[in-house]
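K.L.:
There's a structure below that I have some questions on.
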């Protein structure tokens, strides 16, 4: 039986000596955790990362650059490789003082999709990275069930640091912030394109794409469990979601038909290649051209 791989969050918490080459399993939702790992290395090494994007015609030059020994001995180098195949990354032989982080298929460590049970892990790492003067124990007592992905925690903790919030201030803001947000899938169903574009501008294409992908998967999962006869409380336990998320999923599952979810899933798959080249354009096209809100005959 193979040993489960560490997650990015476990790696950041437990690894004392940073290895010179690390690969993270690339998925549709892995980008945030990958960049969190990059920040972890940057802070530990005190070195600004250099980002390199894969192109076949430039791969040999990149290999030479990464493997080159520094004559000037300028200290540690940190390279971040995006889009490179695993075979290429594993073939690299970085010199002493050079560190390489890469997203690849079947990486050494995992970047799992957000789950509510991960709240302790993400809070601990963000407290370390952002140097927020709040206690982990105190933060764990707050109701974080309204957070839908890892980035939600970071947005709130950054504001807490900037505005010198107490834990009570933060709890109030968590409640207020959720009132400002609406389900992405329900906005699509209601054909409220202006609100969707406003959210896209406010939170960015990566956040929006993650919300759409996770929303389709979670809603389909919820509908499947309900069809199997599960009661709402049991569905929430099975899916490891808080009360608010369970309520939101119930509303989405009731509003979106099987055909709606199939259309959204198909659109996400078709736009995947474009999303790698120009994520902002891909997401905007998906929002403007997906018509699940129209009544069909």
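K.L.:
Looking at the calculated P(r) for the range 211-256, what percent of the C-alpha pair distances fall above 18 Å?
P.N.:
For the range 211-256, the fraction of Cα-Cα distances above 18 Å is 13 percent.
K.L.:
Taking 8 Å as the Cα distance limit and 6 or more residues as the minimum spacing, I'd like the relative contact order of the chain as a percentage.
P.N.:
Computed over the chain, the figure is 17 percent.
K.L.:
Scan [x] 47; [y] 39; [z] 31 for the value of percent of Cα pairs over 28 Å apart calculated from this model and give just the label.
P.N.:
For percent of Cα pairs over 28 Å apart, the calculated option is [x].
K.L.:
Given R₀ = 25 Å, FRET efficiency for residue 234-residue 120 by Cβ-Cβ distance, to 0.05?
P.N.:
Using R0 = 25 Å, I get an efficiency of 0.60.
K.L.:
So how do 88, 51, 34 line up by other beta-carbon neighbours within 10 Å, fewest first?
P.N.:
51, 88, 34
K.L.:
Ranked by Cβ crowding within 10 angstrom, fewest neighbours first, how are 279, 48 ordered?
P.N.:
48, 279
K.L.:
With contacts defined as alpha carbon pairs under 8 Å and 6 or more residues apart, what's the relative contact order of the range 184-289 in percent?
P.N.:
37
K.L.:
Only residues of the range 130-144 count here: report those whose backbone N is under 11 Å from the spot 7 Å along Cα→Cβ of residue 39, or say none.
P.N.:
Correct set: 130-132.
K.L.:
Work out how far the C-alpha atoms of the range 8-104 reach from end to end along every principal axis, then list the three figures in whole Å, largest first.
P.N.:
Principal extents (Cα only, largest first): 34, 29, 19 Å.
K.L.:
A further question on this structure: Cα centroid distance between the range 4-44 and the range 89-155, in Å?
P.N.:
If we compute the Cα centre of each part, the gap is 7 Å.
K.L.:
Please compute the length gained on full extension between residue 163 and residue 250, using 0.36 nm multiplied by the number of residues separating them and subtracting their Cα-Cα distance.
P.N.:
Working it through step by step, the gained length comes to 27.8 nm.
K.L.:
State whether the range 1-61 is rounded, prolate or oblate according to the following rule on the C-alpha gyration tensor (a ≥ b ≥ c being the square roots of its eigenvalues): a/c under 1.5 gives rounded; otherwise a/b larger than b/c gives prolate, and the remaining case gives oblate.
P.N.:
It is oblate, given that a/c is not under 1.5 and a/b is not larger than b/c.
K.L.:
If you take the beta carbon distance between residue 195 and residue 59 as r and set R0 to 35 Å, what does 1/(1 + (r/R0)^6) give as a FRET efficiency, to the nearest 0.05?
P.N.:
Working from the Cβ atoms, E equals 0.25.
K.L.:
Divide by every residue of the chain the summed helix terms, -39500 (n - 2.57) for each DSSP H run of at least 4, and state the resulting mean residue ellipticity at 222 nm, rounded to the nearest 500 deg cm²/dmol.
P.N.:
Helices in the chain give a 222 nm mean residue ellipticity of -17500 deg cm²/dmol.
K.L.:
Right, here's the next one. I need the semi-axes of the equivalent ellipsoid of the range 116-180: take the C-alpha gyration tensor, multiply each eigenvalue by 5, square-root it, list largest first in whole angstrom.
P.N.:
With the √(5λ) rule applied to the range 116-180, the semi-axes are 15, 14, 11 Å.
FYI, it's all coordinate maths here, none of it is from the lab. As the structure is a prediction and not an experimental result, all values here were calculated from the model. As a convention, Cβ positions derive from the backbone with ideal geometry for all residues, glycine included, and neighbour counts pool all protein chains shown.
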